[in-house]
Structure formats: structure tokens, C-alpha cells
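To keep things clear, I will list the structure first and then write my remarks on it.
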Amino acid sequence: MKKNAMFHKLTALTLAGLLSVSVSGSALNVLAAGQTPSGIIDCCYDLGFLSKDLPDDADYVTTFKEKKAIAAVSQAIRNCEESVDVTPYGLSYSNLWSVVFMMKSVYPELFYFDSGNLRTSSNGTQTLLLHYRFTDSNGKPDVNKIRSLQKAFYAEADRYLERASAELSGCKDDFSKALVLHDEIVLDMHYDTTYKNRKNEVFLLDKYGVCANYSEIYAYLLGQLGIKSEIIITPSKTSEKDTAHMNHEWLKVCLDGKYYNVDVTWDEHNPDKQGYAKHTYFLLSDSGFPSNDHFGYKTLFPSKDTHYDTYKFHNYNTKLCKLNDNSTRVYGIDNRSGAKKLVSYNYSTDQETTLIDMSKTIWRYNSNSVWREGYASLDTYGGYLFYNTPTAIYRYQPSTGSRVLVKNAPSGHQFFGMRIQDGTLYGIISPDHPNKTTTVNLGKLTVPAEQTAVQSVSLNKTTASVTAGNSLQLTATVTPSNATNKA
């Protein structure tokens, strides 16, 4: 079951060429999503589970020759070539297979590549035969179909980068970039419990897939922002009683030179709750996983820094919103029983400030029963926050504290969430149950010009004297510089 189609009806819009991102800790610029930069995504495979013929030491693709082989093979795939000479790299059979398996993970945009066969001639020449998912009637790569799907893939990637660009205007830190993309993926995607889809282009375009898709598309989008990551892949379980292997995939994300675990898949609510994004598995050390629930994995970059393990943002299960500034402040909602509140949160200091106390806000199950936790969602549009209670959706401006009613809940229903997509407001409604909801289109949003309150006014002189008949000019500085009414 995919998430409500209303959220994704604009998927096919061709936005290729509209945007991409500059890198190296700078604000986002508008260019175009494209090829994964070389070396931006690493991967540690435990290849022993892929074939009994592969030795245990075929875990890492780290040598210079292996990396050169990866570059050559990936370029051949981009050109839709049917074979590539790998003789110059002098690799063993097992290491060549490491290179083949790496293609699909570290270059998610090469989704049209299927597999490879190694052929060794009598004179020692090694040729890797390349097979594609899309072929013509002659069995050759269907280049037209491949390029068409690539265009759609890049266009949809652009939509995610455009959302990030809109929300991160003026923001330079990689924490915010990683956070915004994490939330957009969790909010948009649906875990495929049938396990029928494992294709990255289907995941990006149709919004459903498995852990490999969550991790690899997240890595791809991070790479477009210049953020390095490592894909962690654990071996498959040998049986239901196997407690040594997870059969799972997630990421390690590099922030300020340190790698942290991020499991986007496990931050998805299951069963799915539209309009919500957990942060339980966002930026954890190797020792910080709850109940040690991630195990049996190898990594190129051990996550030893426990800095974020106990941070408060792990408690927020809504989108964490920025409001177009370069501060380390985000806004979120804590929906836990006894702690329901909309907060301003500083992820640099781990300090939160309650903006709206929601502890007495009640979602009813029936006339005699209530839900203990809250079901308020949060989103942003036009410089404002939007959130729901059971009975209404409100627009909120943190700088002024003003709250404006946007929509009342339909008769006989409660809001169990809300979402904004491309300027359209969606309500997630049900008479009484958060897991039995319907998504309704509430129309296009219109918002007044963003109002930014004056925080302080200072003069260029703290003391001055002037004699009679003369004048003195003082210069006033208003903070913040983008305050609406400076008069």
C-alpha cells in the first residue's frame, strides 16, 4: 500500500535542470541533480552471505585498484556499454564481484544496471559483461527508455532538493541538511511490507520500497548536498532463530568529520502514520542504538562520538521545521503522553522552549475513552508553521506568537495529522483512530507576507555631546536585519 496518491500526483512534473546544491558548508544554490560525486558514498559489504564461493576478506572495496575499477565500470554503465575491460586492475574474482555489487549502492542513479559476468580469455584478458534491466528486442540496452527513466529520476530528486533549498535558505550547516532530507523521505515514503519493490527509481517515483531503497536514496540526496555517507549492509538471517544477523541496511552520515548512524527506515512509523517522522535513529553512535537493536555489521567508519545520543530531538515525532534562517533552531512537536507541546529547539545546545502547551489537548476514541498520546503534525509554508489539534489546523508565527485558524475539522471527524505539499494543505482525518485515516485536500494555502519582529535597536554611539546650533547624526541598527517593521 503506497501513501495517499494526493501527495504524489505531481511526481511526473519535469523539473530537471531547475536545481541542485553547492557543497562545502555553504547555503544552497539552484542547479541540477545528477551524477553522484565520486567517493561521496562509501559502502562496507559483508560479502560472505552473497556467495559461499566468496572469501571472508572480500568485505571492503578500499584499495586504489578497486576504486579505479569502480570508476571504469560505472562510466561504462553510464554510457550503456555492453562490456568493459577490467584487466588493468589486476583484481581477483572475488574483488571484481565486490566492484559489481558496489555499483547499485554507491551510485543509486545507475538503477538501470542489473548484473555483470566476468569472462577471462586464454591470454589473461578480463572482460566484465554488463547486463541491463531494460533491453530492446535484440537484447541490447534500450538507451531511449533508460534515458527517459533517468530524466524522471533526476526530476524527482530535484523536487526533494528544491524543498530543502526552500526550507534551508540561508542555512549553512550539514546537520540541518541531513535533518530536512531525513524528514522529507520519512514523510513521503511507505515501507513495502510485501517486499516486491527493491528498485531505487520505483522508490523515488512511486514512494514505496525497502530499507535498501531508503538508505541509498537518502545517501544519493545527501551526496548532492556534498555530505558524505557510508551504506551499512548486514548479512541475511540464516533462519528465523538467527540472532547474529539483521538482514538490514542503513547509513552512517558524516557531519564535521565524524560519522553517525541514521536509520531512515526505522524512523518510519509502522504501521504508517501520515504526517509524522520519528527521530529515534537520527545521528546515533554505535553504542547508542536503543536496546542494542542494530548488530552484526562491519563499518569503515566506527561511530564513537556519543554527542547526540541523548539529545532531546529523539523525542520529537513530527517534521522538524526551519523557518528560513541560519540559526541552529528548529521547531517540533513532542506528542508523548504527559509531554505534549510545540517547541522551539536549539540543536547546538540541546535546549528547548515550549511555545504552545498541548498537554490538555485530547484526541477521543469514543465518548468514554481518549488516546493518551498526541496526534499533532507540524509543517511549514511561507515562513509560518502549521499544526493541527483534533478540531482544527492553525497557522503560527513563532516570532510574534500569533495563531490564526486555517481550517476546522470536518463534521464527525478529528484531525490526526496534516501535511503541506507544493503549497496545498492536506488534512489526515478519522472519526476516532490514528491508524484508520483518510487524507483530504483542503486547498491551496495563501499566507500574508512573513512578519519578522524587531528584537532590538542599537545606535552607533552610546554617548555623545553636541553644542547649541549644531547637529549630530546617529545611525540605528535594527536586529534582525530582515525585521518587517523597522520604522
If the chain between residue 35 and residue 370 were fully extended at 0.36 nm per residue, the gain over the current Cα-Cα distance would be 115.6 nm
How would you rank 259-265, 228-234, highest first, on the average number of other Cβ atoms within 10 Å across their residues? 259-265, 228-234
Per the Cα gyration tensor, the range 76-162 corresponds to an equivalent ellipsoid with semi-axes, largest first in Å, of 28, 16, 9
Overall dimensions of the range 117-197 by Cα: Rg and Dmax, Å: 20.2, 60
Let me know the Kirkwood hydrodynamic radius for the range 320-371, please, with Cα pairs as the basis and the value in Å to one decimal. 12.4 Å
Strictly over 21 Å apart at the Cα level, which of 104/199; 177/278; 273/444; 199/444; 172/258 would you flag in this model? 273/444; 199/444
What order, most packed first, do the peptides 336-349, 210-223, 279-292 have when packing is the mean number of other Cβ atoms within 10 Å of each residue? 210-223, 279-292, 336-349
So, by mean Cβ neighbours within 10 angstrom, what's the order for 119-126, 104-111, 306-313 with the highest one leading? 104-111, 306-313, 119-126
Computed ³J(HN,Hα) along the range 187-203: with the Karplus parameters 6.51/-1.76/1.60, θ = phi - 60°, integer Hz and x for glycine or proline, the list is 5, 8, 8, 10, 6, 8, 6, 8, 6, 7, 10, 10, 9, 5, 6, 5, 4
Once you have the Cα-Cα distance between residue 169 and residue 325, take 0.36 nm times their residue separation minus that, and quote the gain in nm to one decimal. 55.5 nm
Note the per residue figure in Å³ for the convex hull of the C-alpha positions in the range 92-240. 167 Å³
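Throughout, read-outs are computed from the coordinates displayed, never taken from laboratory work. Predicted model only: the values in this text are computed from it and were never measured. Every residue, glycine as well, gets a Cβ built from its backbone with ideal geometry; the counts of neighbours run over all protein chains shown.
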